[in-house]
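Below: the structure, in structure tokens.
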Amino acid sequence: MEKAINRQRVLLQHLLSSSSSPGNARIVSRLDLVEADDGSLDSAGAPARSTAGGFRAYRTALCKSKRGGFKDTHPDDLLAPVLKALLDATKLDPSEVGDIVVGTVLAPGSQRASECRMAAFYAGFPETVPIRTVNRQCSSGLQAVADVAAAIKAGFYDIGIGAGLESMTSNPMAWEGSINPKAKIYTQAQDCLLPMGITSENVAHRFGVTRQEQDQAAVESHRKAAAATAAGKFKDEIVPVTTKIVDPKTGEEKEITVSVDDGIRPGTSISGLAKLKAVFKKDGSTTAGNSSQVSDGAGAVLLMKRSLAVQKGLPVLGVFRSFAAVGVDPAVMGIGPAVAIPAAVKSAGLELDDVDLFEINEAFASQFVYCRKKLELDPEKVNVNGGAMAIGHPLGATGARCVATLLHEMKRRGKDCRFGVISMCIGTGMGAAAVFERGDNVDVLTNARKVQPNNLLSRDAL
Amino acid sequence: MPIFKAGFSGQAVRFSPFYENRVLVATAQNFGIIGNGRVHVLDLDPVTGSLLEIRAFDTADGVYDCAWSEVHESLFASAVADGHVKLWDAALPPTSNPVLSFKEHGREVHSVDWNPVRRDSFLTASWDDTVKLWAVDRPASVRTFREHAYCVYSASWSPRHADIFASASGDCTVRVWDVREPVSTLTIPAHEHEILSCDWNKYDQCCLATASIDKSIRVWDIRNIRAPLNRLEGHTFAVRKIKFSPHRMNLLLSCSYDMTVCLWDYQAEDALLARYDQHTEFVGGIDMSVLVEGMLASAGWDELVYVWQHGTDPRL
């Protein structure tokens with residue numbers, strides 16, 4: 001390693017001594033790839049490759065809506081603990097945070113924005129720290145993280161929080177008011193009104209995903225999630241939330257601490273799921289068992305300029321590499337990840353093979369199985385700790401939940417797991433995906449791609 | 001389209017002195033900072049015009065330079081970052097290569113140059129501040145030249161005298177040596193910054209060009225080193241390599257960290273004749289064909305190797 005550092009020093013010298021020209025910054029940043037964008041480059045006049053790094057990512061447990069642990073919890077009480085956990089873990093001065101962006105979907109916009117602002121106060125943020133919400137349906141949480149990363153990159157601020165919040169207990173999916181009759185003329189606009197379950201049936205039908213495959217995926221999801229919970233893998237990412245719950249029979253109110261996802265059913269079996277009836281369509285294949293669960297929960301991700309994290313001595317959990325949102329046919333909105341993932345991976349300068357771990361939201365088994373097959377992903381790399389069918393899918397929070405799960409799993413897996421991808425389909429026909437890199441990989445020189453074994457290898461090559 | 005995509009960053013490219021359509025490309029993984037290296041032997045297919053790989057040889061560390069033997073059509077030497085100097089036979093399969101391997105340099109070997117006059121020996125310049133002279137039939141280096149105070153980036157034989165060469169160093173000097181003499185015969189403080197490359201004019205035995213990280217190229221008459229004959233300015237970053245034309249006395253080719261390859265007429269008022277910007281990363285190596293006038297080659301950190309005729313667009 002010392003040798004590599006010396007080599008960098010010699011080569012960097014070639015660039016620095018001629019540094020008076022204005023174009024220099026751009027060129028020096030090319031060495032970033034190997035130099036890791038630390039403070040040393042900043043001082044040389046190069047732009048800190050302002051990749052937002054220095055992540056911390058936490059989430060609440062996800063609980064079944066209306067029946068689970070958070071059924072009597074105010075939405076702001078879900079958000080506040082994860083925000084506070086970020087501050088507690090990093091000992092960060094909350095006034096340094098430049099913005100908080102919260103992805104949230106179902107609640108009325110202005111009310112939710114107010115709730116979020118209130119949650120920030122509960123968490124101990126001063127009035128000087130602003131907060132806003134973002135709504136890109138199911139990818140809102142990821143969009144929030146991407147927005148913060150982009151703002152940091154743009155130099156608007158150095159530290160930000162991307163979060164997600166959804167209480168499907170408080171805000172069930174519904175349409176308010178009448179529907180514009182014009183929608184009938186535009187097929188795709190009309191398709192935006194399809195219940196999500198129907199779009200799932202469409203995916204299954206159009207791309208030939210069988211009921212058997214879907215049920216199998218659901219069983220796997222529960223099995224993996226149960227195994228991960230049993231192994232304590234979620235302990236690092238879940239912030240215990242102390243809240244109250246009302247016993248539906250006695251009406252008695254008591255205090256509980258929720259620290260485990262309550263939707264996971266370890267005993268889920270193919271034969272059990274096979275008994276369930278299709279919900280959305282007669283002779284359909286989408287059932288309650290192979291769809292995501294309706295849940296309550298929140299998640300939050302702390303992002304900052306990498307150089308700042310280094311300066312503060314904070315360990316870097318991951319680096320936000322790229323983000324892409326794409327549009328697809330609303331009638332088969334579930335195929336979004338199959339389009340978004342290649343787009344995000346490409347913009348990160350990678351190929352699909354470079355990615356070691358995928359977190360793809362399981363809105364429905366049909367679309368999840370389709371995307372996995374379409375991209376020819378190794379099932380061993382996808383949703384290794386289960387997905388939304390077992391853990392739950394609180395719409396706005398899902399993105400942030402996935403970041404927490406992905407980054408912690410990447411941390412556990414060590415250096416062999418360098419790049420991870422998060423993706424989800426989006427109602428009304430879209431997909432979003434983001435590429436993350438393991439934080440500590442940036443500090444060392446590793447190869448994005450292993451050298452393929454070849455028969456050209458000469459006698460003395462390693 | 002004579003473009004070749006190497007797997008690693010291109011560090012050097014050399015036309016074969018025996019076959020007009022053959023080139024040698026030295027590459028290194030991760031820009032030569034860490035990882036493996038590979039040397040590609042490429043042939044320009046006369047029918048399709050594409051560059052085809054004939055052989056590739058892997059090494060344990062990045063390859064910074066390579067040079068064809070002037071005496072044997074398939075033999076070539078390579079400068080490896082781990083301090084090795086290796087000789088390869090392109091006619092033999094990788095399993096029978098390298099034919100010779102010398103480990104004497106204490107640090108990265110940055111350049112290798114085959115003697116074009118006597119043809120039996122070659123020079124290597126290393127970041128261990130030394131230049132070494134080698135002969136193919138000797139088990140170890142013939143001589144080590146220690147005078148530079150910092151990395152020696154290149155050593156270049158005089159095209160006229162069998163025993164004279166120049167070395168360019170990060171100590172801001174170029175030294176001229178006669179291998180029969182115990183010490184260097186001339187020291188030129190050619191630039192105020194590190195000097196990365198030097199080359200002799202093929203038609204004027206006293207004319208030497210130097211390239212520096214100060215972005216300039218200077219042309220010297222070694223009989224009067226108080227001031228350069230010419231200063232060529234136009235690169236916007238360190239000039240990494242320069243090469244005089246084998247065909248025209250006034251022409252020289254350069255490549256730079258500004259990602260361009262430039263052709264100069266050092267005696268003309270408007271010295272810059274052409275600027276080629278086909279590369280999207282630092283350009284590591286360039287060469288001008290001895291056998292085909294105006295045929296140029298470049299290799300860059302974008303892993304691409306281009307071979308083209310001067311005046312045409314390398315990308316087409």
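One table, with the values for the structure above:
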read-out: Some residue of the stretch A:166-187 being over 26 Å from A:Met430 (Cα atoms) and assigned by TED's automatic domain parsing to the domain that holds A:Ala363; value: no
read-out: Checking B:Arg14 against (1) within 14 Å of another protein chain (Cβ to nearest Cβ); (2) touching a residue at least 60 places away in the same chain (Cβ under 8 Å), the condition it does not meet; value: (1)
read-out: Of the criteria (1) crowded, with 21+ Cβ neighbours inside 10 Å; (2) in contact with a helix residue (DSSP H, G or I) (Cβ under 7 Å, 6 or more places away or on another chain), which one A:Gln311 fails; value: (1)
read-out: Filtered residue count, the stretch B:106-128, keeping only those that are in a loop (DSSP other than H, G, I, E, B), within 14 Å of chain A (Cβ to nearest Cβ) and crowded, with 18+ Cβ neighbours inside 10 Å; value: 4
read-out: Scope the stretch A:255-298; condition closer than 30 Å to A:Pro75 by Cβ and of a type in the set (Asp, Glu); matching residues; value: A:Glu255, A:Asp261, A:Asp262, A:Asp296
read-out: Scope the stretch A:205-216; condition of a type outside the set (Asp, Glu) and either touching an Asp or Glu at 6+ places or on another chain (Cβ under 8 Å) or in a helix (DSSP H, G or I) (or both); matching residues; value: A:His205, A:Arg206, A:Phe207, A:Arg211, A:Gln212, A:Gln214, A:Gln216
read-out: Leading residue by the ranking (farthest from the other protein chains (Cβ to nearest Cβ)) among those in the stretch B:231-241 that are crowded, with 21+ Cβ neighbours inside 10 Å and more than 20 Å from B:Val152 (Cα to Cα); value: B:Leu232
read-out: Residues being buried (at least 21 other Cβ atoms within 10 Å of the Cβ) and away from every other protein chain (no Cβ under 11 Å) - total across the stretch B:45-62; value: 1
read-out: Scan of the stretch B:263-287 for residues that are in contact with a Lys or Arg (Cβ under 8 Å, 6 or more places away or on another chain), away from chain A (no Cβ under 14 Å) and part of a loop (DSSP other than H, G, I, E, B), ordered by number; value: B:Gln278
read-out: So A:Gln188, is it touching a residue at least 12 places away in the same chain (Cβ under 8 Å) and either surrounded by 14 or more Cβ atoms within 10 Å (Cβ to Cβ) or within 25 Å of A:His393 (Cβ to Cβ) (or both); value: yes
read-out: So A:Ile256, is it in a strand (DSSP E or B) and of a type in the set (Val, Ile, Thr); value: yes
read-out: Number of positions in the stretch A:217-239 that are in contact (Cβ under 8 Å) with a residue 60 or more places away in the chain and outside any helix (DSSP H, G or I); value: 3
read-out: Checking A:Ser271 against (1) within 21 Å of the chain's Cα centre (by Cα); (2) surrounded by fewer than 19 Cβ atoms within 10 Å (Cβ to Cβ); (3) of a type in the set (S, T, N, Q), the condition it does not meet; value: (1)
read-out: Every residue from the stretch B:180-208 that is over 12 Å from B:Leu252 (Cβ atoms) and either within 14 Å of chain A (Cβ to nearest Cβ) or among the hydrophobic types (A, V, I, L, M, F, W, C) (or both); value: B:Val183, B:Leu186, B:Ile188, B:Ala190, B:His191, B:Glu192, B:His193, B:Glu194, B:Ile195, B:Leu196, B:Cys206
read-out: Residue list for the stretch B:288-304, filter: closer than 11 Å to B:Ser9 by Cβ and either within 14 Å of chain A (Cβ to nearest Cβ) or modelled with pLDDT under 95 (or both); value: B:Gly300, B:Trp301, B:Asp302, B:Glu303, B:Leu304
read-out: Residues within the stretch B:198-250 that are more than 18 Å from B:Arg275 (Cβ to Cβ) and polar (S, T, N, Q), tallied; value: 5
read-out: Among the candidates B:Val219, B:Val176, B:Val131, residue that is away from every other protein chain (no Cβ under 14 Å), within 15 Å of the chain's Cα centre (by Cα), farther than 23 Å from B:His72 by Cα and assigned to a strand (DSSP E or B); value: B:Val131
read-out: Residue match in the stretch B:97-105 (condition: within 9 Å of chain A (Cβ to nearest Cβ) and either part of a loop (DSSP other than H, G, I, E, B) or of a type outside the set (S, T, N, Q) (or both)); value: yes
read-out: Output for the stretch B:28-39, where each listed residue is more than 15 Å from B:Pro94 (Cβ to Cβ) and either without any contact (Cβ under 8 Å) to a residue 40 or more places away in the chain or touching a His at 6+ places or on another chain (Cβ under 7 Å) (or both); value: B:Gln29, B:Asn30, B:Ile33, B:Ile34, B:Gly35
read-out: Helices (runs of 4 or more DSSP H) (entirely within the stretch A:304-377) containing at least 3 residues that are under 30 Å from A:Gln190 (Cα atoms) and in the same structural domain as A:Lys153 (by TED's automatic domain parsing); value: A:336-347, A:365-374
read-out: Filtered residues of the stretch A:1-32 (kept if at pLDDT below 80, assigned to a helix (DSSP H, G or I) and facing another protein chain (nearest Cβ under 7 Å)); value: A:Ile27, A:Arg30
read-out: Boolean, B:Leu42 is within 14 Å of another protein chain (Cβ to nearest Cβ), under 21 Å from B:Gly10 (Cα atoms) and in contact (Cβ under 8 Å) with a residue 60 or more places away in the chain; value: yes
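The values are calculated or read from the model by the stated rules, or taken from the named source; none is laboratory data. Here the structure is a predicted model, which means the values were calculated and not measured. Cβ sites come from the backbone with ideal geometry, for glycine too, and all protein chains shown count toward neighbours.
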